[in-house]
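A quick write-up on the structure given underneath.
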Amino acid sequence: FFYERMQFLRGFGNILADVKRHPDKLLELGEKLADWYCWLIDQWAKIGCDGIITTDDWGTNHGTFISPKDFKSIFHPLYKQVIEHCHDHEMLFVLHSCGNIYSLIPSLIDTGVDCLQLDSPRMTGLDRLAEFGGKISYMCVADIAEVIPFKTPKEVEVEVYRMIKKLGIFNGGLIGTIYADTTALHFPPENMKAVIRAYKRFGTILN
């Protein structure tokens, strides 16, 4: 989405510097991208898409790359413009992000993000994600940084159960998913099978 696309155009380090040194030019670039994204949404709406999923990795293990204040002043209006256009077409907007993004979630909710897709929910923390339950949905895999590479299949199932109990209590709110490319990160295939098995086994415990 905006942040990653800007990195492709400017470079990661340059974007971090631009946030402080050239925020007006960064916003100008973002406005051009917003027009392009809105045009893309128009095309997807014509062929009957129910929604879009896009990516902006906003965080490290410990926090976000930029402050909530800088996000609010630069990226918030850009997100809001595109997401409202998406909603105008009755399409849902799903955002993937890696890292600990706790400090940005209130702004992401305000922009209209319908669902956060998190491959490493432990980085933000299940308890802290649950603070926003009922305001945003989550699409989560058992954590790819701390759980799937290192735990036993049984421990993976327990992690999925914990996610359901923490995040699935808000009239739903949790969509079960997997990390499909197990070979890229050398994940034990039996652990990804355990994720699927656990979601099927425990997915109805709150009904």
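The values are calculated or read from the model by the stated rules, or taken from the named source; none is laboratory data. Values in this document were obtained by computation on a predicted structure and should not be read as measured data. All Cβ positions, even for glycine, are placed from backbone atoms using ideal geometry, and neighbour counts span all protein chains on display. Keep in mind that these areas ignore ligands, DNA and RNA; they rest on the heavy atoms of the full protein, side chains included. Shrake-Rupley method; radii C 1.70, N 1.55, O 1.52, S 1.80 Å.
The table below lists the values:
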| item | result |
| --- | --- |
| Linear extension gain, Glu90 paired with Ile175, 0.36 nm per residue minus alpha-carbon span | 28.6 nm |
| Fraction of alpha-carbon pairs over 18 Å apart in the stretch 127-207 - percent | 37 percent |
| Counting all C-alpha pairs of the chain, share separated by more than 25 Å (%) | 42 percent |
| Charge dipole (debye, nearest 20) of the stretch 71-168; +1 at Cβ of Lys and Arg, -1 at Cβ of Asp and Glu | 280 debye |
| Solvent-accessible heavy-atom area per residue, rounded to whole Å², over the chain at 1.4 Å | 51 Å² |
| Solvent-accessible area, 1.4 Å probe, carbon plus sulfur percent, for the chain | 54 percent |
| The chain, helix-only ellipticity at 222 nm - DSSP H runs n ≥ 4, -39,500 (n - 2.57), divided by all residues, nearest 500 | -15000 deg cm²/dmol |
| Principal axis dimensions, the stretch 54-101 - Cα atoms, whole angstrom, descending | 36, 21, 9 |
| Net charge dipole size for the chain [Lys, Arg +1 and Asp, Glu -1 on Cβ; Debye, nearest 20] | 560 debye |
| Rounded Å value of the spacing that divides the Cα centres of the stretch 170-207 and the stretch 25-45 | 33 Å |
| Cleavage-rule hits (trypsin sites (Lys or Arg not before Pro)) in the stretch 63-154: DSSP loop, at most 15 neighbouring Cβ within 10 angstrom | Lys135 |
| About the Cα centre, charge dipole magnitude for the stretch 12-116 (Lys/Arg +1, Asp/Glu -1 at Cβ), debye | 420 debye |
| Accessible heavy-atom area order of Tyr161, Tyr138, highest first, probe of 1.4 Å | Tyr161, Tyr138 |
| Among Ala34, Gly11, Ser107 - extreme Cα towards positive end, dipole of the stretch 1-134, charges at beta-carbon | Gly11 |
